[in-house]
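The values are calculated or read from the model by the stated rules, or taken from the named source; none is laboratory data. As the structure is a prediction and not an experimental result, all values here were calculated from the model. Using ideal geometry, Cβ is built from the backbone for each residue, glycine included, and neighbour counts are taken over all protein chains shown. We work out accessible area using only protein heavy atoms, side chains counted, and drop any ligands, DNA or RNA first. Shrake-Rupley method; radii C 1.70, N 1.55, O 1.52, S 1.80 Å.
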Amino acid sequence: MDPAARGPLAGIRVMDVSIMAAGPWTGALLGMLGAEVIKVEPPAGDGTRWVMPTQRGMGTNFIAMNVNKKDIVIDMKSGEGRETAMALASTCDIFIQNFRVGVIEKLGLDYETLRNVSPRLIYCAISGFGETGPLARAGCADPIMQAFSGFARSNGAPGDEVEAFRFTGFIDLATAAVATEAILAALLEREASGEGQKVEVSMLEAALEIQSSRIAELLGAGLVPHARGSESPAIAPDRAFQSQDHEIFVTAHDDAEWRGFCAAIEQAQLAEDPRFATNRLRVANVPELYAIVAPLVRARPAIWWLRVFKRHGVPCGLAHHFEIFRHHSQVAANDMIARLDTRDWGEVSVAGVPWHFERTPCGVTPPARPGENTEEILGALTGSSNSGTAASVRG
Amino acid sequence: MSMIEGIRVVEFAEGVAGPLAAVRLSDLGARVIKIECAQGDWLRHASPCMPGAEYSAAFFELNRGKRSLALGPHPQGATQLVDGLLERADVFITDRSEAELKQAGIVPGDDFGNRYPRLVMIAISPWGRRGPWAARKGSELTAQAMAGYTRYLGVHGQPARRLGADVASAGTGMFAMQAALAALYRRKRDGKGQRVDVSLLNSLISMKSIHLAAQSDPDKYAGPRVGGANNPPEQGWKTADEPIFFSFGGSVGAEGRPGWVAFIKETGLSHLLDDPRCDKSGRSSTGFGAYVHALRPEYEKAFTRYPARELAERIRCHTGSASVYLRADETLAHPQTRALDIVREVDAGDGRKARIRAFPARFSRLRPALRGNAPLRGEHTAEIASELGFDSATLDRLLAEGALQSAATPETQQLPAAAR
């Protein structure tokens, strides 16, 4: 049985005309939740098919962002293709697009048009900077929003002005996560009202949401986020310490963990030191605190610290990379990575599902080949399995 | 009417993930009761403090509009009350360990679902429900390290750097909220609740899907998702003042990428258009080619003649995308952010106002309702007990036994004056 069909959204149908990452991963999340998701590609294809690196010729980005979807090709710029798209939208519960602001109106697939066809439709529009304002029509991409949203200004070594995350796509995926929240809220509301609505999500708002705590510190207390190496402005101790061999990452959130920390480094008297009596005092006196702790940690190897911090109930860990954590028993035991056996591109590792529903489990299925379901979907739409419409819009 | 009118949420969670999920549900119309253990939510005691309050600024934003029920040092006496709360709740969000839940009379397992058949339980953990680390403590920082995030910052061999944003916790908050909404939707269909597990590590790995795929078995060593971890720190392009980031999209024709070629000519860098070290011989963009880092100083010689904001505007005029690396305060003050009405004011008690961020999406028909006033620990203990049918004599007994605490109980607010 198709594992996706059992998820909580089984029975929901999604039309996803988005490209690149933020829109497509929204569709993928809904697909993982059990919805039937139909990705609509233009004849030229979603550009991520060619983004490096490829695996056996297919952009790995495309594979990761389009799991749990069917795939059809429609030339929405042609009159006939637009009509087909409208007809398909009228069979769907959710519509997702992430064109640059203003483009969807030219295609005739804007919300006002589609709601006339299907008032129950939940229409999700994803943009870079939002649909109004001076930058509404400006181009955007993950690293652009890292710059604009302040995200990159809170990273770096102490004293650095800025450091971007060399891991492009993170803001895109955060945007998809917010879009999915909003779509689900609208879907639940539709149960009561019977009406759909438009949902607008911007990368800007999502980038601020993923910075929730730092922005709250700015709004509530005037603290502007800046580079702190591995330290946090909120709690102490909370950073990486160099041990005899590896760096060890350790955190104490509260008094119990602070006492455990002091016991682990065999400095029980520190727990009674008035300079460090509360978290806020520890944060205020952080240079003194770390001047005491750093040489102690450096004197013993990481494996000792992992044992002893764990024994005292203190969060700690090492930095891993893909080749290590992909085989970690914790990652495996919770299906955090899905190994997809694709027909054309070999075995590809992608993320496992982010939520584990006990009663309606979700799963990850490989993306369809581009255009694979064109005949099936459009045939059903026109009531015949091999209609002229389907043939003429195939890519 | 709100999005999810009448939904009752019980939150027994602290820090960022659980409280973020619950406050966003509150924005959509849910009523949230926050249960706090004797030690209190650690985020209350985090820095920086909200001026005039005992709690941190982050605590305020993530807990506004909630009511607080405080357990005391002997929560075993409060199990009947907690049971009553769960019985009438729709969603239970928790990040407490099994031992802590048990102390409060909550025993997850098969019986839990039978006891509360319509309840949606969102269980948040650092490392996941199963596996050897299931009971192990975790944190934002340790999750970032474990999931390989820290290696995309800084320089290998130098002291590690973290993402300044609490991405593991906020990401988990988002997935927790999705899980709650999806499970509520399912309950509308079949009348049954269920348990859903999310974790910090799982969330970070989920949001890394592009990178996992890129590192599976790539055809060649190409693209930032393969080499990113080993590239030098990305600190933007130098200009006359502040660093910027830019990119040019669109297809590269025979004459090059149109906007890029025009921009390069305008900035006096025409000689690079035929440089074989550049992507597509300089006619595509600086891109991510093999020499991108070696070539930077060449470009920057020209870029440093322009102030950042002017250079970004020129790039946009040539159909490229660009932004100055803004500080978060500059982001919030920017006309674009203001146009979206992202920063709002809510009540913060004693007639004061506080600024918060609005719900991160907008809806055509319904408006999220942003509540203010974060609770003191145990501020609503008496009120909630009374709603559940506990008379004042019973409440007094539970307070005296240390099963419950209220904001009026002196030991509830135990922060030393110096820490406020």
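Laid out as a table, the results:
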| item | result |
| --- | --- |
| Spans of strands (runs of 3 or more DSSP E) in the range A:9-120 with at least 2 residues assigned by TED's automatic domain parsing to the domain that holds A:GLU376 and open to solvent by 30 Å² or more (accessible area, probe 1.4 Å) | none |
| The one condition in (1) in a helix (DSSP H, G or I); (2) within 9 Å of chain B (Cβ to nearest Cβ) that A:TRP258 fails to fulfil | (2) |
| Entirely in the range B:323-410, the strands (runs of 3 or more DSSP E) that have 1 or more residues that are over 21 Å from the mean Cα position of the chain (by Cα) and within 13 Å of another protein chain (Cβ to nearest Cβ) | B:353-357 |
| Of all residues making up the range A:122-176, the number that are surrounded by fewer than 23 Cβ atoms within 10 Å (Cβ to Cβ), more than 24 Å from B:ALA308 (Cα to Cα) and hydrophobic (A, V, I, L, M, F, W, C) | 0 |
| Residue that is nearest to the chain's Cα centre (by Cα), among those in the range A:201-219 that are over 30 Å from A:LEU121 (Cα atoms), open to solvent by less than 10 Å² (accessible area, probe 1.4 Å) and among the hydrophobic types (A, V, I, L, M, F, W, C) | A:ILE215 |
| Sole exception among (1) outside any loop (DSSP other than H, G, I, E, B); (2) open to solvent by 40 Å² or more (accessible area, probe 1.4 Å); (3) assigned by TED's automatic domain parsing to the domain that holds B:TYR116 for B:LYS265, by number | (3) |
| Matching residues, the range B:306-317, being within 11 Å of another protein chain (Cβ to nearest Cβ) and surrounded by 20 or more Cβ atoms within 10 Å (Cβ to Cβ) | B:ALA308, B:ALA312, B:ILE315 |
| Residue ranges of helices (runs of 4 or more DSSP H) in the range B:144-254 with at least 3 members of a type outside the set (Val, Ile, Thr) and more than 7 Å from chain A (Cβ to nearest Cβ) | B:167-190 |
| Cβ-Cβ under 7 Å pairs, at least 6 apart or on other chains, the range B:130-142 side surrounded by 19 or more Cβ atoms within 10 Å (Cβ to Cβ), far side in a loop (DSSP other than H, G, I, E, B) and acidic (Asp, Glu) | B:GLU140/B:ASP166 |
| Residue check for A:ARG214: closer than 21 Å to B:GLU330 by Cα and of a type in the set (Lys, Arg) | yes |
| For A:GLN211: the one exception among (1) among the polar types (S, T, N, Q); (2) over 21 Å from A:ALA152 (Cβ atoms); (3) in contact (Cβ under 8 Å) with a residue 60 or more places away in the chain | (2) |
| Tabulated pairs, the range B:1-18, first over 25 Å from A:ARG190 (Cα atoms), second open to solvent by 10 Å² or more (accessible area, probe 1.4 Å) and aromatic (Phe, Trp, Tyr), C-beta under 8 angstrom, 6+ apart or interchain | B:GLU14/B:TRP42; B:GLY15/B:TRP42 |
| Hey, B:ASP347 surrounded by fewer than 16 Cβ atoms within 10 Å (Cβ to Cβ) and on the phi > 0 side of the Ramachandran plot or not | no |
| Considering residues of the range A:339-360 that are more than 7 Å from every other protein chain (Cβ to nearest Cβ) and touching a residue at least 40 places away in the same chain (Cβ under 8 Å) only, the residue surrounded by the fewest Cβ atoms within 10 Å (Cβ to Cβ) | A:ASP344 |
| Among the residues listed as A:ARG166, A:ARG190, the single one being outside any strand (DSSP E or B) and closer than 25 Å to B:SER323 by Cβ | A:ARG166 |
| Tally, over the range B:38-60, of residues that are open to solvent by 10 Å² or more (accessible area, probe 1.4 Å), facing another protein chain (nearest Cβ under 10 Å) and either of a type in the set (A, V, I, L, M, F, W, C) or within 30 Å of B:MET3 (Cα to Cα) (or both) | 5 |
| Count of the range A:267-281 residues which are open to solvent by less than 50 Å² (accessible area, probe 1.4 Å), without any contact (Cβ under 8 Å) to a residue 24 or more places away in the chain and either closer than 15 Å to A:ILE235 by Cα or β-branched (Val, Ile, Thr) (or both) | 5 |
| Exclusive hit being modelled with pLDDT of 95 or more and under 25 Å from B:GLY223 (Cα atoms), set A:GLU195, A:GLU163, A:GLU205 | A:GLU163 |
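Rundown of residues vs (1) crowded, with 24+ Cβ neighbours inside 10 Å; (2) modelled with pLDDT of 95 or more; (3) closer than 22 Å to B:ASN63 by Cβ; (4) among the polar types (S, T, N, Q), yes/no style:
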residue: A:ARG190; (1), (2), (3), (4): no, yes, no, no
residue: A:VAL199; (1), (2), (3), (4): yes, yes, no, no
residue: A:ALA221; (1), (2), (3), (4): no, yes, yes, no
residue: A:VAL224; (1), (2), (3), (4): no, yes, no, no
residue: A:ALA234; (1), (2), (3), (4): yes, yes, yes, no
residue: A:ALA240; (1), (2), (3), (4): yes, yes, no, no
residue: A:ASP245; (1), (2), (3), (4): no, yes, no, no
residue: A:PHE249; (1), (2), (3), (4): yes, yes, no, no
residue: A:HIS253; (1), (2), (3), (4): yes, yes, yes, no
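Conditions tested, residue by residue: (1) among the aromatic types (Phe, Trp, Tyr); (2) outside the structural domain of B:LEU69 (by TED's automatic domain parsing); (3) open to solvent by 40 Å² or more (accessible area, probe 1.4 Å); (4) more than 30 Å from B:ARG338 (Cβ to Cβ).
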residue	(1), (2), (3), (4)
B:ALA358	no, no, no, no
B:ARG365	no, no, yes, no
B:LEU395	no, no, no, yes
B:ALA408	no, no, yes, yes
